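Trainee: Quick one: structure below, then a few questions.
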Amino acid sequence: MTNGRRRTVLGGALGVFVLGAAFWYPRWRGGSDVPSTTVHSAVFERRVVAEGNLEAAEATPVTAPVDAQGQLQIAWLVPDGSRVKKGDVVVRFDPTDMQRGLEDGESERDAADSRIAGTKASTTGEIRNLARDGSMAREELAAADRYKVDDPDVFSRQEIIRSQIDRGVANKKIETSDSVRRVRESAAKVDLDLLGIDRRKAGIAIDRAKKGLDALEIEAPHDGLLVYQRDWRGEIKKIGDSVWPGEPVARIPNLATMEARVFVLEADAGGLVPGIKARVTVEAHPETVFEAAIKKVDTLAKRRAGWVPVQYFGTTLAFDKTDPEIMKPGQRVRAILVLDARKDALSVPRNAVFEKDGKKIVYRWKRGGFDPIEIKLGPAAVGRVVVESGIKDGDVIALRDPTALEDEKKEPGAPDSPAGVGGRT
């Protein structure tokens, strides 16, 4: 056989061997239709994105006057973010309610004074008349005592009886007038006390209105940048809104030290503890990244908007350094929190983890087939989950359930899958 023919035969045999190996090797491995992957140790991080606003770590509160009585309605206020000097008026309140209250109080006080004067006059006249009736009855009784008609030798029986009746009537007049006078004096005292209460109530309303009129302005406690307080909807006070006495309206922050107040979804908050590092960008300056760390995490998750049933954990981030030129209170920020960071972690795709008999398992390649191996799961990220125990670096695991594929093949009429579909990654 010539050398050329020999090379041709050897080449043909080698090609047949390669084609046969490509066809039979996957079937020898038992996983021609089972996609798989090799597990390797690598850095694992679970990154959570949170949004919020900048705020000062220290700030002087600006509150509504505590001396005011009742709600105050805002009539005027300086724009949010204005620079103010100590003593500058930053908020004025509407005096209409206080002026109306003052007028109503003065009117009620005048009416009470008039009723008191009328009650005193009528009571005095009635008591004077009763006292006069009592005096006249006493004079009649005294006259009857001086000129007694009781001698039967001098006076007739009829005159003696009439004299006794007159004495009895005089005594009754005295008792009645004295009794009625005491009752009327007592009733008059009660009426005057009630009218006095009405007058004092009117005086209280007047004092409250005067205090309100004296507290119609809020002044800046010191120089600085005025930032209005935001409510749970993220809105600030505006003209027409009402505030209660002592309620915080705004703050004058210390711009030297800023913090970020961000909100993390309740579902992503696992492992959210103080000290976790974060990278923060200000929405107005996305090119600059600031390093920060979690300072405080709220105890309870809350809704950011009352009508949206999604809850967040409020989280305060402390910056490593503050740039006053870029950072301003109220600016929107975006933070990336790095949670569950590990340098050497065995992480697998989520679709490689299965549940069997209440246990988490993976199918690991061993001796010509995939065997179910119980595992213990750790932190999870998007698409991947850490395996704490059960497998090791270099293991090959299935990305689909091999038993499910075998059941599909056993079904009548199931088409044969082409060799090598899915392959090993």
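The values are calculated or read from the model by the stated rules, or taken from the named source; none is laboratory data. The model shown is predicted, which means the values in this text are computed figures rather than measured ones. Every residue, glycine as well, gets a Cβ built from its backbone with ideal geometry; the counts of neighbours run over all protein chains shown. When the accessible area is computed, the model is the full protein with side chains, heavy atoms only, and any ligands, DNA or RNA have been set aside. Shrake-Rupley method; radii C 1.70, N 1.55, O 1.52, S 1.80 Å.
Trainee: Name the single residue, out of those in the range 355-367 being of a type outside the set (D, E, K, R) and either open to solvent by less than 40 Å² (accessible area, probe 1.4 Å) or in a strand (DSSP E or B) (or both), that is farthest from HIS40 (Cα to Cα).
Mentor: So, considering only residues that are of a type outside the set (D, E, K, R) and either open to solvent by less than 40 Å² (accessible area, probe 1.4 Å) or in a strand (DSSP E or B) (or both), the one farthest from HIS40 (Cα to Cα) is ILE361.
Trainee: If you don't mind, another one. Testing SER114 on (1) free of Cβ contacts under 8 Å to residues at least 12 places away in the same chain; (2) surrounded by 12 or more Cβ atoms within 10 Å (Cβ to Cβ); (3) of a type outside the set (Asp, Glu), one condition comes back false. Which one is that?
Mentor: Status for SER114: all satisfied but (2).
Trainee: So which residues in the range 371-389 are open to solvent by less than 40 Å² (accessible area, probe 1.4 Å) and at pLDDT 90 or above, if there are any at all?
Mentor: ILE375, VAL387
Trainee: Here is a further query. Listed residues LEU255, LEU346, LEU265, LEU272; which is in contact with a Ser or Thr (Cβ under 9 Å, 6 or more places away or on another chain) and either within 29 Å of VAL78 (Cα to Cα) or surrounded by fewer than 17 Cβ atoms within 10 Å (Cβ to Cβ) (or both)?
Mentor: Sole residue among the options that is in contact with a Ser or Thr (Cβ under 9 Å, 6 or more places away or on another chain) and either within 29 Å of VAL78 (Cα to Cα) or surrounded by fewer than 17 Cβ atoms within 10 Å (Cβ to Cβ) (or both): LEU255.
Trainee: Provide a single number: the residues in the range 34-90 that are polar (S, T, N, Q), in a loop (DSSP other than H, G, I, E, B) and either modelled with pLDDT of 90 or more or touching a helix residue (DSSP H, G or I) at 6+ places or on another chain (Cβ under 9 Å) (or both).
Mentor: 2
Trainee: Please tell me if ALA121 is under 60 Å from the mean Cα position of the chain (by Cα), closer than 30 Å to ASP97 by Cα and modelled with pLDDT of 80 or more.
Mentor: no
Per-residue answers, yes or no, for (1) modelled with pLDDT under 90; (2) open to solvent by less than 70 Å² (accessible area, probe 1.4 Å):
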{"site": "GLY224", "(1), (2)": "yes, yes"}
{"site": "PRO245", "(1), (2)": "yes, yes"}
{"site": "THR281", "(1), (2)": "no, yes"}
{"site": "THR299", "(1), (2)": "no, no"}
{"site": "ARG304", "(1), (2)": "yes, no"}
{"site": "THR315", "(1), (2)": "no, yes"}
{"site": "ALA318", "(1), (2)": "no, yes"}
{"site": "GLU325", "(1), (2)": "yes, no"}
{"site": "GLY330", "(1), (2)": "yes, yes"}
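Trainee: Determine whether the range 83-100 contains at least one residue that is small (Gly, Ala, Ser) and in contact with a strand residue (DSSP E or B) (Cβ under 8 Å, 6 or more places away or on another chain).
Mentor: Checked the range 83-100: at least one residue is small (Gly, Ala, Ser) and in contact with a strand residue (DSSP E or B) (Cβ under 8 Å, 6 or more places away or on another chain).
Trainee: Being open to solvent by 60 Å² or more (accessible area, probe 1.4 Å), assigned to a helix (DSSP H, G or I), without any contact (Cβ under 8 Å) to a residue 24 or more places away in the chain and not acidic (Asp, Glu), is that true of even one residue in the range 140-147?
Mentor: Within the range 140-147, one or more residues are open to solvent by 60 Å² or more (accessible area, probe 1.4 Å), assigned to a helix (DSSP H, G or I), without any contact (Cβ under 8 Å) to a residue 24 or more places away in the chain and not acidic (Asp, Glu).
Trainee: Can you spot a residue in the range 195-216 that is open to solvent by 50 Å² or more (accessible area, probe 1.4 Å), within 29 Å of the chain's Cα centre (by Cα) and of a type outside the set (A, V, I, L, M)?
Mentor: no
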